[in-house]
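The structure under discussion appears below in the form of C-alpha cells.
The values are calculated or read from the model by the stated rules, or taken from the named source; none is laboratory data. From a predicted model like this one, the values you see are computed outputs, not experimental measurements. Using ideal geometry, Cβ is built from the backbone for each residue, glycine included, and neighbour counts are taken over all protein chains shown. Remember, those area values only see protein heavy atoms, side chains included, never the ligands or the DNA or RNA. Shrake-Rupley method; radii C 1.70, N 1.55, O 1.52, S 1.80 Å.
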Amino acid sequence: QVQLVESGGGLVQAGGSLRLSCAVSGVAFSSYAMGWFRQVPGKDREFVAGITWNGDSTYYADEAKGRFTISRDNAKNTVQLRMNSLKPEDTAVYYCAAREGSIRYGGSWYRALSNEREYNAWGQGTQITVSS
C-alpha cells in the first residue's frame, strides 16, 4: 500500500527558511503527480504547490509564489518543498499528497493539482510554526 512520510517541520523565526521532504513508497513514484497542502485547525485544507509526474511543470498558490519551490527526485522517490521568507501566517500542518493518472484532453493540470479531491494518498502531516 502506498505510504507518504513528511519530514523537516518545526519551529522557525519569521523571515527564516525551512525545507520539507516527502518520501513515497509502495507505488511507482514516477507515475504520480505530487502536491503540498496545508491546514490550520478549523479551516479548509489549502493548496500550496504541485508538480507533474515528470517534473516538467510546477504550480503554486498565490501566497506561495516567489517564496516556495517544489521539486522532485524520481530516482529517490521524494518530493521537496523549500520555503523561504516565512511569515507567521504560514503556520500550519503541511501535507504531502500523490495523484495517480493523467489529465483529460483539454483539461488543466493546475485545476487538478490544486484540488485536494484529485489526490489518491496523503501523508500524516508535519507541523510548521513561524514565530513573530
message: Can you find, within the stretch 51-70, the residue that is modelled with the highest pLDDT among those that are open to solvent by less than 30 Å² (accessible area, probe 1.4 Å) and farther than 14 Å from residue 83 by Cα?
response: 51
message: Looking only at residues that are among the hydrophobic types (A, V, I, L, M, F, W, C) and touching a Gly at 6+ places or on another chain (Cβ under 6 Å) in the stretch 78-125, which one is farthest from residue 33 (Cα to Cα)?
response: 86
task: Could you run through the stretch 1-43 and say how many residues are under 23 Å from residue 86 (Cα atoms), of a type outside the set (Lys, Arg) and open to solvent by less than 30 Å² (accessible area, probe 1.4 Å)?
output: 10
message: Please determine whether any residue of the stretch 33-40 is in contact with a Ser or Thr (Cβ under 7 Å, 6 or more places away or on another chain) and within 22 Å of residue 1 (Cα to Cα).
response: yes
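Against the definition (farther than 15 Å from residue 23 by Cβ, part of a loop (DSSP other than H, G, I, E, B) and basic (Lys, Arg)), how does residue 104 come out, yes or no?
It is true that residue 104 is farther than 15 Å from residue 23 by Cβ, part of a loop (DSSP other than H, G, I, E, B) and basic (Lys, Arg).
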message: Consider the stretch 96-125. How many of its residues are open to solvent by less than 60 Å² (accessible area, probe 1.4 Å) and of a type in the set (Lys, Arg)?
response: 1
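This table checks each residue for (1) part of a strand (DSSP E or B); (2) in contact (Cβ under 8 Å) with a residue 60 or more places away in the chain; (3) within 17 Å of residue 110 (Cβ to Cβ).
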{"residue": "5", "(1), (2), (3)": "yes, yes, no"}
{"residue": "16", "(1), (2), (3)": "no, yes, no"}
{"residue": "20", "(1), (2), (3)": "yes, yes, no"}
{"residue": "37", "(1), (2), (3)": "yes, yes, yes"}
{"residue": "56", "(1), (2), (3)": "no, no, yes"}
{"residue": "80", "(1), (2), (3)": "yes, yes, no"}
{"residue": "89", "(1), (2), (3)": "no, no, no"}
